[in-house]
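Trainee: Take a look at this one; I'll ask things after.
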Amino acid sequence: MDFLANLFGSYWPAVQLTSWTLIKIIAIVLPLMIAIAYLTLAERKVIGFMQVRIGPNRVGYFGLLQPLADGVKLLFKEIILPTASNKTLFLLGPVLAIAPAFAAWAVIPFDATLVLANIDAGLLYILAMTSVAVYGVIIAGWASNSKYAFLGSMRSVAQIVSYEIAMGFALVGVLMCANSLNLGKIVMGQAGGFWHWYFIPLFPLFIVYFISAVAETNRAPFDVAEGESEIVAGFHVEYSGMAFAIFFLAEYANIWLVCALAATMFLGGWLSPVPFLPDSILWFLAKMGALVFFFLWFRATFPRYRYDQIMRLGWKIFIPITLVWIIFVGAMMQTSLGYLFH
Amino acid sequence: MLENYFPILLFILVGLAVGLGPLVLGKIVSPHKPDSEKNSPYECGFEAFEDARMKFDVRYYLVAILFILFDLEIAFLFPWAVVLQEIGLAGFLAMMLFLLVLVVGFVYEWMKGALEWD
């Protein structure tokens, strides 16, 4: 240590801070990566059981090594760079898709004290990061210079931005109740048992948020962007090997992220549902896991929406619902019943 | 204050590394056997018909414009929602007036058929 301190001289405190922060970041990123890898297995298992199949069970006990085998397989597949594509943008696409899905975790509070960056503009940062992910999709679709990829990315981007509005309005409702953009304070605003959680006064917004989250991540039943029977795989049709794998991981990373956000903002984050049990990170993980399960359940249950139905749901149903509920909550807060919404 | 944002900057860099790392690794260990057929745009086994930079439905453009309007609206609502308790009735009514203007535009675009996809 002394040797290092001498080596870096006056930069030593900065180096120390950077490496300590890096360790903390890795402590978030590594479990997240494992969670993403095993979500792919969980999805296949859950859907398998729902369809009375057994799902993957050959690689390792209960198929537990399957994600590893998939990863190694994709690693050794050639990354094809189509001649017609814009090479730099083509490779930038997947990076832009996955980076925000990880970076957004910087402000997620796992516990009352367990948060990497406790900033006041937390929610704003999250919104900014989830918006950046759209660029990954559109850049990938455009740079591929292929009709399927182009059409897939147009659809996908139009769908994502449409539902982002409904999502944003739903979050405005949360802010009205919490009076803070700091995610930790939003959770603390819900303290005192599950009847204080925001999903009760904001129930329509919670439903809109969760369905929008499914649409935002391009998951079934909103997966027209993938639409294998018409545009093959949508925006990532030209991608292979690791470049494809990154898009795949980004999708699952986004599922974890939106579920973590829903758990934080509507279901009280790390808070225990009843006052006699202690608050703990386990509650947060349980809520997040339960919400993720819904994503898998939806995929096994619902047939795919048509594109015009998706756009109608987003623009003509969700936006009016959220607007009305925001006005209702705002009006109620002006009356003596306002305490019900805090 | 600003040092709270340093971990975020670092996390964004780590996020980029999470994307770039596997790409670079894949490029190193995977085979590289290009071939003009393999590298041509995928069109179900046919030769690519025409340029993929083609005309597309104007409605996508319309959605993008509407998105900008509504997203700005959300940006305006955010600070309002955070301080709603302090600004009280006057603040609430002011925002309702603003929302009314937005809703008039929303109804107009709806009636004009900008939200139809059939």
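FYI, it's all coordinate maths here, none of it is from the lab. Only a predicted model underlies this, so the values are computations on that prediction, with no experimental measurement involved. Cβ coordinates were reconstructed from backbone atoms using ideal geometry, including for glycine residues, and neighbour counts include every protein chain displayed.
Trainee: By counting other Cβ atoms within 10 Å of each Cβ, how are B:95, B:111, A:288 ranked from fewest to most?
Mentor: Least crowded to most crowded, the residues run B:111, B:95, A:288.
Trainee: Would you mind ranking A:324, A:237 by Cβ crowding within 10 Å, fewest neighbours first? Show your work: numbers first, answer last.
Mentor: Values: A:324 11, A:237 26.
Result, fewest neighbours first: A:324, A:237.
Trainee: For the pair residue A:118 and residue A:272, what calculated FRET efficiency results from E = 1/(1 + (r/R0)^6), where r is the Cβ-Cβ distance and R0 = 25 Å, to the nearest 0.05?
Mentor: 0.75
Trainee: Counting Lys +1, Arg +1, Asp -1, Glu -1, what net charge surrounds residue B:32 among other residues with beta carbon under 15 Å of its beta carbon? Please list the in-between numbers first.
Mentor: On the way: positive: A:77, A:87, B:27, B:33, B:38; negative: A:78, B:35.
With Lys, Arg at +1 and Asp, Glu at -1, the net is +3.
Trainee: Can you tell me which of B:22, B:41, B:79 moves the most in a GNM of chain B? Springs connect C-alpha atoms under 10 Å apart.
Mentor: B:22
Trainee: Same structure, new question: Taking other Cβ within 10 Å of each residue's Cβ, how do A:196, A:236, B:32 sort, fewest first?
Mentor: The fewest-first ordering by Cβ neighbours comes to B:32, A:196, A:236.
Trainee: Step through the residues of the stretch A:29-36 one at a time and calculate ³J(HN,Hα) from phi using the Karplus curve (6.51 cos²θ - 1.76 cosθ + 1.60, θ = phi - 60°), rounding each to whole Hz and writing x for Gly and Pro.
Mentor: 3J(HN,Hα) across the stretch A:29-36, in whole Hz: 5, 5, x, 4, 5, 5, 4, 5.
Trainee: Can you tell me the relative contact order of chain A? Whole percent, Cα pairs under 8 Å, sequence separation 6 or more.
Mentor: Contact order relative to length: 21 percent.
Trainee: Suppose R0 equals 22 Å; then what is the FRET efficiency for residue B:13 and residue A:4 from their Cβ-Cβ distance, rounded to the nearest 0.05?
Mentor: 0.50
Trainee: Follow-up. So if a site counts as exposed when it's one of the GluC sites (Glu not before Pro), its DSSP state isn't H, G, I, E or B, and it has at most 11 other Cβ atoms within 10 Å, what's the longest stretch of chain B without one?
Mentor: B:51-118
Trainee: Could you give me the percent of Cα pairs per 10 Å distance bin for the protein assembly as shown, shortest bin first, beginning at zero and ending with the bin that holds the maximum distance?
Mentor: With a bin width of 10 Å, the distribution comes to 4, 19, 28, 27, 15, 6, 1, 0.
Trainee: Hey, if you drop one equal point scatterer on each alpha-carbon of the stretch B:2-112 and run the Debye formula without solvent, what base-10 log of I(q)/I(0) do you get at q = 0.14 Å⁻¹?
Mentor: -0.95
Trainee: For peptide A:82-93, compute the average count of partner chain beta-carbon atoms within 10 Å of each residue's beta-carbon.
Mentor: What the average comes to for A:82-93 is 3.
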